[in-house]
Amino acid sequence: MAPQALLSLSPAFSIPQNLKNPSIFSFKKSPYKLPPILCTTTDSQAPQQQQRSSSDTSPLIAISPPPSTGTGAAAPTRGDLFLERQQSMAAAAAAAAAKKNKKMKRKKKLDGSLILSSAVACCYGCGAPLQTEEDDAPGYVDPDMYELKKRHRQLRTLLCGRCKLLSHGHMITAVGGNGGYSGSKQFISAEELREKLSHLRHEKVLIVKLVDIVDFNGSFLARVRDLAGANPIILVVTKVDLLPKGTDLNCVGDWVVEATTKKKLNVLCVHLTSSKSLVGIAGVASDIQKEKKGRDVYILKLFDTPGVHLHHRQAAVVHSKDLPSLAPQNRLRGQSFPAASDNRTPRDKESVGLNGLSIFWGGLVRVDVVKVLPQTHLTFYGPKALQIHTVPTVEADAFYTKELGVMLTPPTGKQRDDWPGLQTVRQLQIKFEDQKRPACDIAISGLGWIAIEPIRQQSEISGSSEFKLTPGELHLAVHVPKPVEIFVRPPMPVGKAGGEWYEYRELTEKEEESRPKWYI
């Protein structure tokens, strides 16, 4: 066969014009990598079978060219056989490419059908099915954002409205009617949630209980023993990095254990931690692995995560724009009244005292001092944004009405008009024994606490009948918004002074064995 005939069969190959022997020439390499091909021929000179390498495991394709129609000079040359093989390889490569394209189109079609199904696309934060109709229901997404993500096939990376707010630091509850969404059938009430957790007391599980040290009483789930039963508990106390400078954590750890023991829970150990500084986190993980012993592990009512709060805390009654002002970002610094920098002489302080005064803590708390001992100090531990203002009690109502949202904040902005006021009033009769230490703490759920120091140094007072008080008693009236709870507790030993006055209770041998250990 002449070279011109070969060119007419396969223009993809080029043959040099000065080629004298048409049976010996080179072709361009095929761009496809194909399996070896076994060719058969009627030429008696050609081998009957081409053997593959023993290490080659690729499939073998057999191609039988048309039988030769001539012998001698008319018999197929080596060029003819090679050309036929190259044509077969090109055809096989085209078939493989077509098959691959078909698979790719099918995969895209399947992916598209999944993306178009709104029932399958869920928020990757909370898992709620995405929807664009009810803005106060779980899984709501702005319609324009939904269509944009859908068009770019990114619905699986889309956050619902609630999770988006949480990711930007907003605080929204997951329990319907308690400060977050107005209420939806897809949410559950606090009682329903408690009912769902009630099965824990009948099972053998390990419970990890999280408590915020700044809001120890408010974040300690009420009736937790009804849920936990006799199951072992690892108590994790968070945000210890926010305690005042100079605080002895040994004293705080002992104080927490004392408070926990009174609740009669099966606490294995107490960990003082900080997610910001990572203090104590490794110890918590180690104890969980050590104590789970094949049991399921439940983290009970995650109060320490952004957005989770209940109706009895201050965060549930203020507007979302005011929530950042309730979250302390740095170490707490106690605000005392009367202030230590007061220029009055000790004698003047004794003659005036705090009786008959009302102290406002922002617009959220009002403390009426009815009867206290001379030199009594009130120290407020809480958010720095809440300022302290003092007026005579007879003027307190008018002052609150006039300055709410102005000097007394939060609340701020539009919430001032809808603010229900300080509807709850709790009368407190406080007894104390040791004048060298605070009498108690008055803890305001979701806000902080007020340390009541009855007297710092015993001194003689005037014989005026105004100050003839029963030794060992203080009388205060505390005003807060209606659902917010007030707790009276033993004073927490914070600051440098706390380590000086705190006394460790002597334990019996039995108490020493059963008492939970605490760790940092």
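The values are calculated or read from the model by the stated rules, or taken from the named source; none is laboratory data. Everything numeric here is computed off the predicted structure, so don't read it as measured data. Note that we place each Cβ from the backbone using ideal geometry, even for glycine, and neighbour counts take in every protein chain shown. Protein only, heavy atoms only, side chains kept; ligands, DNA and RNA dropped before computing areas. Shrake-Rupley method; radii C 1.70, N 1.55, O 1.52, S 1.80 Å.
Points to keep in mind about this one:
- Long-range neighbours under 9 Å by Cβ, at least six apart or interchain, first residue open to solvent by less than 60 Å² (accessible area, probe 1.4 Å) within the stretch 71-86, second modelled with pLDDT of 75 or more and assigned to a helix (DSSP H, G or I): Pro76/Glu84
- Being over 29 Å from Leu166 (Cβ atoms) and open to solvent by 50 Å² or more (accessible area, probe 1.4 Å) is a property that does not hold for Lys239.
- Counting only residues that are open to solvent by 40 Å² or more (accessible area, probe 1.4 Å) and over 18 Å from Leu272 (Cβ atoms), the stretch 477-495 holds 5 of them.
- Of all residues in the stretch 146-159, those satisfying the criterion of being under 24 Å from the mean Cα position of the chain (by Cα) and open to solvent by 60 Å² or more (accessible area, probe 1.4 Å) are Gln154, Arg156, Thr157.
- Some residue of the stretch 419-427 being more than 20 Å from Pro491 (Cα to Cα), outside any strand (DSSP E or B) and either without any contact (Cβ under 8 Å) to a residue 12 or more places away in the chain or of a type in the set (D, E, K, R) (or both): no
- Enumeration of residues in the stretch 253-304 that are of a type in the set (Ser, Thr, Tyr), assigned to a loop (DSSP other than H, G, I, E, B) and surrounded by 17 or more Cβ atoms within 10 Å (Cβ to Cβ): Thr273
- Any hit, the stretch 203-220, residues being over 28 Å from Ile450 (Cβ atoms) and charged (D, E, K, R): yes
- Given (1) under 40 Å from the mean Cα position of the chain (by Cα); (2) at pLDDT 90 or above, number of the condition Pro338 does not satisfy: (2)
- Contact map, the stretch 478-491: residues that are closer than 28 Å to Tyr504 by Cβ paired with residues that are open to solvent by 10 Å² or more (accessible area, probe 1.4 Å) and part of a loop (DSSP other than H, G, I, E, B), Cβ distance under 6 Å, separation 6+ or inter-chain. Pairs shown: Phe487/Asn217; Pro491/Pro438.
- Look at (1) modelled with pLDDT under 90; (2) open to solvent by 40 Å² or more (accessible area, probe 1.4 Å) and you find that Asp322 fails only one, number (2).
- In the stretch 341-356, the residues that are modelled with pLDDT under 80 and at positive phi: Gly353
- Residues that are touching a residue at least 60 places away in the same chain (Cβ under 8 Å) and not in a strand (DSSP E or B) within the stretch 504-520 comprise Tyr504, Arg505, Arg515, Pro516, Ile520, listed in sequence order.
- Close pairs from the stretch 242-268: first of a type in the set (Ser, Thr, Tyr), partner assigned to a helix (DSSP H, G or I) and buried (at least 19 other Cβ atoms within 10 Å of the Cβ), Cβ under 9 Å, at least 6 apart: Thr247/Val240; Thr247/Gly495; Thr247/Gly498
- Qualifying residue in the stretch 234-252 (condition: modelled with pLDDT of 70 or more, of a type in the set (D, E, K, R) and under 16 Å from Ile299 (Cα atoms)): no
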